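Novice: Sending over a structure as structure tokens; questions will come in a sec.
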Amino acid sequence: MRGFRVYQFIFVFTFLSHNICCQRNTNQIDNVTLVELMAEEDIQLLDVRTEKEFKDGAIEGAVNIDFWDPDFERKVLSTLNKRLTTVVYCAAGGRSEMAFKLLSKKGFKILYDLQGGYERYTN
């Protein structure tokens with residue numbers, strides 16, 4: 001019985017340690033999964049880069065709303081549907097992670113952050 005408790009403790013400790021250490025952004029999506037998702041359902045793509053970055057290249061169908069725009073929150077809430085699957089991306093992942101957190105708080109139901117951003121998507 002004592003051996004069982006040791007294994008039980010190890011399992012619980014490992015599980016909790018992993019969840020505490022690895023909670024950075026649990027709703028990340030990779031390129032392959034994004035392409036599959038785009039083929040399967042109607043999704044919203046939110047590009048939070050600057051207008052210049054967006055004009056230099058973007059994922060087809062993406063809506064561009066600059067994360068640094070003072071009206072970012074208002075524009076997102078008036079443009080996107082909170083109930084649709086939404087994928088947020090930027091150049092490499094920093095701005096999209098901040099946007100992801102904001103959109104989560106604003107009630108977006110199915111939300112993903114593209115790992116590595118547009119740079120990884122195009123490579």
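What follows is calculated from the coordinates using simple rules that are stated; it is not laboratory data. Note that the coordinates shown come from a computational prediction; the quantities given were computed from them, not determined experimentally. Note that each Cβ is placed from the backbone with ideal geometry, even for glycine, and that neighbours are counted across all protein chains shown.
Novice: Grab the Cα-Cα distance for E51 and L102, subtract it from 0.36 nm times how many residues apart they are, and report the gain in nm with one decimal.
Specialist: Gain on stretching E51 to L102: 16.3 nm.
Novice: Mind sorting R49, R74, R95 by how few other Cβ atoms lie within 10 Å of their own Cβ, fewest first?
Specialist: With the fewest neighbours first, R49, R74, R95 line up as R74, R95, R49.
Novice: Moving to a separate point now. Net charge within 10 Å of V76 by Cβ-Cβ distance, Lys/Arg positive one each and Asp/Glu negative one each, not counting V76 itself?
Specialist: Once positives and negatives cancel, what remains is +1.
Novice: Something else about it: Expressed in nm to one decimal, what extension gain is obtained for the pair E40 and V63 from 0.36 nm per residue of sequence separation less their Cα-Cα distance?
Specialist: Length difference between fully extended and current span is 6.4 nm.
Novice: How do D66, D30, D47 rank when sorted from fewest to most other Cβ atoms within 10 Å of their own Cβ?
Specialist: D30, D66, D47
Novice: Still on this structure, please answer the following. Quick one: compute the contact order of the stretch 25-122, relative version, from alpha carbon pairs under 8 angstrom and 6+ residues apart, as a percent.
Specialist: Worked out over the stretch 25-122, it gives 34 percent.
Novice: Which far-off residues, 5 or more places away or on another chain, put their amide H under 5 Å from the one on Q28, with H placed in the peptide plane?
Specialist: Hits under the 5 Å cutoff: D113.
Novice: Measuring from centroid to centroid over Cα atoms, what is the spacing of the stretch 36-52 and the stretch 62-83 in Å?
Specialist: If you average the Cα positions of each part, the centres end up 13 Å apart.
Novice: Turning to a different aspect of this structure: Taking the Cβ of each residue in E119, E40, E97 as the centre, tally the other Cβ atoms inside 10 Å and list the residues starting with the fewest.
Specialist: E40, E119, E97
Novice: Next question. What whole-number volume per residue, in cubic angstrom, does the convex hull of the C-alpha atoms of the stretch 25-122 give?
Specialist: So the per-residue Cα hull volume is 88 Å³.
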